[in-house]
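The values are calculated or read from the model by the stated rules, or taken from the named source; none is laboratory data. Everything numeric here is computed off the predicted structure, so don't read it as measured data. Here the Cβ is made from the backbone with ideal geometry for all residues, glycine too, and neighbour counts use every protein chain on show. Note: areas computed on protein heavy atoms with side chains; ligands, DNA, RNA excluded. Shrake-Rupley method; radii C 1.70, N 1.55, O 1.52, S 1.80 Å.
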Amino acid sequence: MVKLGINEKSLPAAMSWLDKLNFAKNQGFSFVEMSIDETDARIARLNWDKEQRFDLVKDIYQSGVPIDTMMLSALRKLPLGSENKNIYAQSFDMCQKAIILAKDLGIRNIQIAGYDEYYGSKTPLTHENFIENLQRVVNFAAEHQVMISIETMDDCFINSIAKIKNVKKSIVSPWLQAYPDLGNISAWPDNKPIEDLTQGLDSIIAIHVKDVLSVTEQTSGKFKDVPFGEGDVNFLGLFKALKRVGYQGTFTIEMWSENDEDVASKVIFAHDFIVDLLTQAGLLVEG
């Protein structure tokens with residue numbers, strides 16, 4: 001049995017946390033992934049007081065649906081590899097706050113995007129700063145028993161599990177692992193997704209599931225808002241490979257439909273589409 005979750009940004013934005021958790025449960029998902037993105041409202045969660053944190057814990061227990069993972073995509077605004085000393089320091093501070101919030105909410109895994117820089121220029125210094133700052137983050141996470149996982153990205157800096165494993169050669173810790181995105185590793189023409197997944201199995205603790213349009217000589221690809229079944233990801237082949245090698249982690253559907261009028265129907269379609277393919281591959285989904 002495998003667990004299928006959904007990221008918060010797939011769910012209706014206007015809903016309360018309790019309603020989001022119950023909505024996910026009613027659609028057949030086992031858990032929800034919290035988003036700490038670049039918006040002020042979501043970054044403000046890092047400064048929640050004890051009462052606000054406890055309110056969400058109560059919602060989790062009332063619904064019976066955990067928040068198992070956190071996406072810390074706000075680091076695009078404050079990248080770990082920044083050459084600016086103030087941003088470099090703020091980035092580490094943001095990660096510390098995220099780790100404490102995760103610990104308080106029972107979140108087991110914080111996913112960090114594999115960018116040294118997002119809006120700024122990439123240099124040898126941003127590369128080294130990323131490794132150096134990530135080491136500090138992983139050390140702090142280890143103290144609090146929270147996993148840090150790097151996501152494969154829509155960016156050449158880290159767009160494969162093999163590149164994450166290279167980072168892990170510099171940062172040797174059981175608290176740093178890989179969170180591959182099936183769309184992102186499939187989009188790059190130099191990648192071999194099945195080989196990447198099977199050779200990287202010992203580092204994978206969770207998997208994002210989304211469709212994409214691949215990068216070609218003529219186009220830069222499309223990494224967001226590609227409806228399931230309309231992109232280039234060969235989900236059945238990848239799921240069969242994961243079944244063959246004995247993958248035991250979770251799968252999380254990733255969409256950006258939270259403000260769409262037809263969000264409920266999109267969530268239902270995505271759930272059924274992926275569950276059908278997982279089942280065909282021999283991976284039974286927890287009901």
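Computed values, structure above
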read-out: Within the stretch 192-202, considering residues that are surrounded by fewer than 19 Cβ atoms within 10 Å (Cβ to Cβ) and of a type outside the set (D, E, K, R), the one farthest from residue 262 (Cα to Cα); value: 199
read-out: Residue satisfying all of: in the stretch 171-190; out of contact with any strand residue (DSSP E or B) (no Cβ under 7 Å at 6 or more places or on another chain) and outside any helix (DSSP H, G or I); least open to solvent (accessible area, probe 1.4 Å) among these; value: 171
read-out: Verdict on residue 236 being of a type in the set (A, V, I, L, M), exposed (fewer than 15 other Cβ atoms within 10 Å of the Cβ), farther than 20 Å from residue 73 by Cβ and out of contact with any Gly (no Cβ under 8 Å at 6 or more places or on another chain); value: yes
read-out: Restricting the stretch 136-157 to residues that are open to solvent by less than 40 Å² (accessible area, probe 1.4 Å) and within 14 Å of the chain's Cα centre (by Cα), the residue that is modelled with the lowest pLDDT; value: 153
read-out: Pair list, Cβ under 9 Å, 6 or more apart: the stretch 251-267 residue over 17 Å from residue 34 (Cβ atoms), other residue surrounded by 15 or more Cβ atoms within 10 Å (Cβ to Cβ) and among the hydroxyl-bearing types (Ser, Thr, Tyr); value: 263/10; 263/257; 266/10; 266/257
read-out: Any hit, the stretch 49-65, residues being of a type outside the set (D, E, K, R), open to solvent by 40 Å² or more (accessible area, probe 1.4 Å) and in contact (Cβ under 8 Å) with a residue 60 or more places away in the chain; value: no
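Quick grid of which residues meet (1) open to solvent by 20 Å² or more (accessible area, probe 1.4 Å); (2) closer than 10 Å to residue 75 by Cβ; (3) of a type in the set (Val, Ile, Thr):
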site	(1), (2), (3)
89	yes, no, no
98	no, yes, no
102	no, no, no
112	no, yes, yes
123	yes, no, yes
127	yes, no, no
